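The values are calculated or read from the model by the stated rules, or taken from the named source; none is laboratory data. As the structure is a computational prediction, the values presented were derived from the model and not from experiment. Cβ placement follows ideal geometry from the backbone for every residue including glycine, while neighbour counts extend to all protein chains displayed.
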């Protein structure tokens, strides 16, 4: 039996958790970044853990070729919870390290504070996560997605938060002042891209999302699968981190967590999890609604069944792990394994002809000799025989952090000042 206390990280925003541990001093910026949301917050939208400070970032140290990649056990690393709330708000490039506690990001801060204050009244153990929101798109700023309810509320503002929490999350009813909830259909995929919280997620997450979007588009699944960046979900060490919500073969809605996901794993996740509705066990961390111990037991039972049905399960797991240990990608240019001067590691292991047949219901072929040779070359380069790829991140400008409500308030003040000045001018002329 695995020890779950050493294989999981604490979540960013986790409601109704056991009391957080005593805050201790640490010299590791990564360890400090993986503490509870309700520790002392860092204020302001421009604060960071060094990720946006202009320092050069060596991709191979935090990307898919990092030394720690694939070293920690995955299963049982998801803490038990029953409901997941996603608030659509801005985009990862401007998220501060602890966005739910940032002074100038009022909407997530106030929603988190309201949920915390109502924690004794919220019947379900609930996670709050921020996901990408862009006005004029399917997920606009202020939209709220709730799983496993599979519903969306539109345009939540900071004026509505207390009523929303009371009616929807405490009473499990509908938000009367707002628009009726919209039912969600299909699959919803979230990838942690919270680079200001941890550099590993900031490098791995965008690369995983880009490959997801390519595969979704090429397979004509854009009406069935939604993909979005999200904030810290716990477990930076497992980056790329992916959560998939959708109905399983029994029509039950589950939220499955995957870790150590690389761009090469995306075809497998789409084919096996979304199309066939089967778990990819070699990447599986756990799921919503199960305790850490139940996650381990569930996987053990599932693997026993698979061994009886398919004697090739161990080969599939080995293949999955082999791909996972050696992808080194720079999202800025989307050139894979730049140190090798090769693009092959980001190519779909399935041919275009295979990808268009029966929505990927055919099993993935085994790695070819050429592929294995390439993977061996990557591992050699990873041991220090190649140069390093670097990427420089800049600080977001002030207008990227400006909220819509702030704009309206500023315009109102300017308009009032102009009106007063005009009225005073007229008054002087009349005299």
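Structural remarks
- The criterion of being surrounded by fewer than 21 Cβ atoms within 10 Å (Cβ to Cβ), in the same structural domain as residue 191 (by TED's automatic domain parsing), outside any loop (DSSP other than H, G, I, E, B) and touching a residue at least 12 places away in the same chain (Cβ under 8 Å) holds for residue 146.
- Enumeration of residues in the stretch 160-203 that are more than 19 Å from the chain's Cα centre (by Cα) and in a helix (DSSP H, G or I): 161, 162, 163, 164, 165, 166, 167, 168, 169, 170
- Selected residue [more than 26 Å from residue 152 (Cβ to Cβ), assigned to a loop (DSSP other than H, G, I, E, B) and in the same structural domain as residue 64 (by TED's automatic domain parsing)] from 294, 271, 278, 301: 278
- Scope the stretch 235-258; condition part of a loop (DSSP other than H, G, I, E, B), buried (at least 24 other Cβ atoms within 10 Å of the Cβ) and on the phi < 0 side of the Ramachandran plot; matching residues: 239, 240, 241
- Subset tally (residues that are surrounded by fewer than 20 Cβ atoms within 10 Å (Cβ to Cβ) and in contact with a strand residue (DSSP E or B) (Cβ under 6 Å, 6 or more places away or on another chain)) for the stretch 214-224: 0
- Residues satisfying the stated conditions in the stretch 118-132, i.e. touching a residue at least 24 places away in the same chain (Cβ under 8 Å) and part of a loop (DSSP other than H, G, I, E, B): 118, 119, 121, 122, 123, 124, 125, 132
- Enumeration of residues in the stretch 61-75 that are in a helix (DSSP H, G or I) and surrounded by 23 or more Cβ atoms within 10 Å (Cβ to Cβ): 62
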